[in-house]
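Notes to accompany the following structure.
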Amino acid sequence: MAKAKIKKIAVMTGGGDCPGLNAVIRAVVKTAINHYDLEVYGIEDGYQGLIEDRIHPLNYGNVSGILTVGGTILGSSNTSNPFCYPITLGKKTVNKDVSEQCVINLTKRGIDTMICIGGDGTMNSAAAFVKKGLTVMGVPKTIDNDLYGTDITFGFDTAVNTATEAIDKLHTTASSHHRVMLLEVMGRYAGWIALYAGAAGGADVILIPEIPYDISKVADYVMRRSRTGRRFSIICVAEGAKAKGGKMVVAKKIANSPDPIRLGGISFMLADQLADLTGISCRAVNLGHVQRGGVPSPFDRALATQFGHYAMELLMKGKPNRLVVMKNGRLDSIPLGQTAGRIKTVPMNHTLIAAAKAVGTSFGI
Ligand code: F6P
C-alpha cells in the first residue's frame, strides 16, 4: 500500500546540546510551514520526551528569534535510549525496549515522520525507528565534529572559537608568570577541537587522541623553549589524549547512557607530571561545557540552516530515512544507519597537522 502524503512531522534534538540546534529547528519548522503547509510538532528533551509523550505543536511564533540563541528550545537528553530504557519495578531496575510506545505516541497524533537532530547515539535509535515503520530524517550535530559521513557538523566552529579565545587569554597570564598553561578541550575520542583551536591559538604543544604522546618529549620541548628565552608554553590537550601505551583519563561513568564514558582530567595529570619533570610552574584549565554554550557563530548558523532546509527538501522530494551531510563543500546525504559504530577521527595526513608541525608546534612525539 502506498504511504499517505506527509502532513505532520515532529522534530527533536538528542544527545549533548551544541550551538546551532535552534537554527536547525527554525529552518525545519519554517520550511515545513512556508513551503509544504505541514503541521509541525516538537518533542521535548530528545527521546526522553518521546518516551514520556511530551510532544506539542510548534508554530511560526515558537521559532521566531531563535536563530542566534544557543542551546535548544526543545531541550535534549543524552541518556535516554528507547530501545534499552531502564524501568524500575519495586527494587529492581531492568532495561526494556519502549520503542513501540514511542511509535504510538506519534501515530496517535497522526505523525509518522520525525526529524532527529543529533549525534551517533541519536542516529542509531533513529535508524531503528525506521525499521519500526517511521520515516526519519537525520541532521548531524556535535561540537566534537566526529560524526562519520560528514566533513563538518555545526557547533564545531563555535566551540573552536570559544577554545581559541581561551588560549588567547591564557597566553598573557602564562607569559606574565613564565608558566606552562594547559587548556583541556572536549572532543571525546577525536582531536578536532584541540587541533583547530590549538593551531588557531598558536599553542606550542597540541595533544590529540590520534597521536599518543611521550611525556618526556613534551617536557623536553617546554624546557627547550624556556632555555631559548620563551619562558612560557601553552599546551592545548584534547580530553581524549593519551600517552603512548597509556589510557584515556575517565572522569566518570554515567549509568544508562548509550555512551557511558565521560572523559576529563588529563590536563591536571599532565600539569603535575610536567611540573615534576621540568621544575616549571604549571597550571591546568578544563574548559568543559563552556564549549557547548553561547551564541552560535555565523558559520554554524548558516550550516545549521542549510542542514535543516535540506532535510526537509529530501524528505518532501521522496528521499526519506537519510542523514544530511556536507561532503567536499556540497550538501549530500547517506543512509541513516551508516554512522552506527563509526567515528570520524583526525587523519594522520591532515594538512593542519603538517602545517602546525611546520610552524614548530609539538604533538608530543
Ligand atoms: O559530545 C559532546 C560532548 O560535549 C563531548 O565533547 C564530551 O565528552 C561530552 O559531550 C560530555 O558529556 P556530558 O554533557 O554528558 O558531560
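The values are calculated or read from the model by the stated rules, or taken from the named source; none is laboratory data. From a predicted model like this one, the values you see are computed outputs, not experimental measurements. Backbone-built Cβ (ideal geometry, glycine too); neighbour counts: all protein chains shown. The area values use the complete protein model at the heavy-atom level, side chains included, leaving out ligands, DNA and RNA. Shrake-Rupley method; radii C 1.70, N 1.55, O 1.52, S 1.80 Å.
The table below gives the values:
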read-out	value
Residues located in the stretch 36-57, provided they are open to solvent by less than 40 Å² (accessible area, probe 1.4 Å) and either part of a loop (DSSP other than H, G, I, E, B) or farther than 12 Å from THR13 by Cβ (or both)	LEU38, VAL40, TYR41, GLY46, ILE51, ILE55
Residue among ILE143, ILE206, ILE211 that is open to solvent by less than 20 Å² (accessible area, probe 1.4 Å) and within 16 Å of the ligand (Cβ to nearest atom)	ILE143
Test: residue in the stretch 171-184 that is under 28 Å from ASN124 (Cβ atoms) and among the small types (Gly, Ala, Ser)	no
Condition check for GLY61: over 20 Å from LEU323 (Cβ atoms) and in a strand (DSSP E or B)	no
Residue count, the stretch 316-355 (criterion: under 24 Å from the mean Cα position of the chain (by Cα), assigned to a helix (DSSP H, G or I) and in contact (Cβ under 8 Å) with a residue 60 or more places away in the chain)	6
Residue among ALA163, ALA190, ALA197 that is within 16 Å of the ligand (Cβ to nearest atom), open to solvent by less than 10 Å² (accessible area, probe 1.4 Å), under 30 Å from GLY46 (Cα atoms) and out of contact with any Gly (no Cβ under 8 Å at 6 or more places or on another chain)	ALA197
Subset of the stretch 323-363 (residues that are β-branched (Val, Ile, Thr) and farther than 12 Å from ASP151 by Cα)	ILE334, THR339, THR351, ILE353, VAL359, THR361
Selection from the stretch 115-151 of residues that are touching a residue at least 60 places away in the same chain (Cβ under 8 Å), assigned to a helix (DSSP H, G or I) and touching a helix residue (DSSP H, G or I) at 6+ places or on another chain (Cβ under 8 Å)	ASP120, THR122, MET123, ASN124, SER125, ALA126, ALA127, VAL130
Residue match in the stretch 288-301 (condition: away from the ligand (no atom under 16 Å from the Cβ), open to solvent by less than 20 Å² (accessible area, probe 1.4 Å) and closer than 30 Å to LEU38 by Cα)	yes
Qualifying position, being of a type in the set (Ser, Thr, Tyr) and in contact with a Pro (Cβ under 6 Å, 6 or more places away or on another chain), among TYR41, TYR85, TYR60	TYR41
Top-ranked residue in the stretch 262-284 [being open to solvent by 50 Å² or more (accessible area, probe 1.4 Å) and within 18 Å of ARG188 (Cα to Cα); ranked as nearest to the ligand (Cβ to nearest atom)]	ARG262
Tabulated pairs, the stretch 191-203, first modelled with pLDDT under 95, second within 13 Å of the ligand (Cβ to nearest atom) and open to solvent by 40 Å² or more (accessible area, probe 1.4 Å), C-beta under 9 angstrom, 6+ apart or interchain	none
Residues (in a loop (DSSP other than H, G, I, E, B), surrounded by 17 or more Cβ atoms within 10 Å (Cβ to Cβ) and within 11 Å of the ligand (Cβ to nearest atom)) located in the stretch 225-257	GLU239, GLY240, MET248
Matching entry among ILE87, ILE73, ILE33 (being surrounded by fewer than 24 Cβ atoms within 10 Å (Cβ to Cβ) and assigned to a loop (DSSP other than H, G, I, E, B))	ILE73
Test for MET312: is it within 16 Å of the ligand (Cβ to nearest atom) and either in contact with a helix residue (DSSP H, G or I) (Cβ under 8 Å, 6 or more places away or on another chain) or at pLDDT 95 or above (or both)	no
